[in-house]
Amino acid sequence: MPPHKKTQFLKTGAALLCAGLFYGYVLIPAGIWIRCPFRQLTGLRCPGCGITAMCLSILRGNFAEAPAYNWGLTLTVPFLLWLGIHHLRGGSRRTENIVAVALLIFLLGWGVYRNLHGI
């Protein structure tokens, strides 16, 4: 990966991290929550529902409690980390695409499963 692309990738990651910390430490304590539009429209839980509670739990240091909010996302974390590292090292786009599609299929399946079983 060219150095300017790597820098842009890292800047984007840092900006997302800062936005998440701002949301967790400033907006939520002020009573401002971002509601899940999928859940508001359908009444069902999307594959990402619970991620805010999971991240807040991690920020509080409750690492053992965090996965319970969304087991599907918890299982994808190692693959997401691998994707980021693989991308930074200039790995094969084909491999990255295959892993990304597999994760997408898994998360969609997780979304269906959690609604069928009330998780």
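Summary of values
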| item | result |
| --- | --- |
| Which numbered condition ALA68 misses (of (1) within 19 Å of LEU108 (Cα to Cα); (2) within 13 Å of the chain's Cα centre (by Cα)) | (2) |
| Any hit, the range 95-117, residues being assigned to a loop (DSSP other than H, G, I, E, B) and over 22 Å from PRO37 (Cα atoms) | no |
| Every pair of residues 6+ apart whose Cβ atoms lie under 6 Å, when the first sits in the range 53-66 and is at negative phi and at pLDDT 85 or above while the second is surrounded by fewer than 15 Cβ atoms within 10 Å (Cβ to Cβ) and in a loop (DSSP other than H, G, I, E, B) | SER57/GLU65 |
| Cβ-Cβ under 8 Å pairs, at least 6 apart or on other chains, the range 78-103 side closer than 23 Å to ALA14 by Cα, far side surrounded by 14 or more Cβ atoms within 10 Å (Cβ to Cβ) and of a type in the set (D, E, K, R) | LEU83/GLU96; HIS86/GLU96; HIS87/GLU96; LEU88/LYS6 |
| Qualifying positions in the range 24-48 - free of Cβ contacts under 8 Å to residues at least 12 places away in the same chain and in contact with a Cys (Cβ under 7 Å, 6 or more places away or on another chain) | PHE38, ARG39 |
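The values are calculated or read from the model by the stated rules, or taken from the named source; none is laboratory data. Since the model is a prediction, treat every value here as computed from it, not as a measurement. Backbone-built Cβ (ideal geometry, glycine too); neighbour counts: all protein chains shown.
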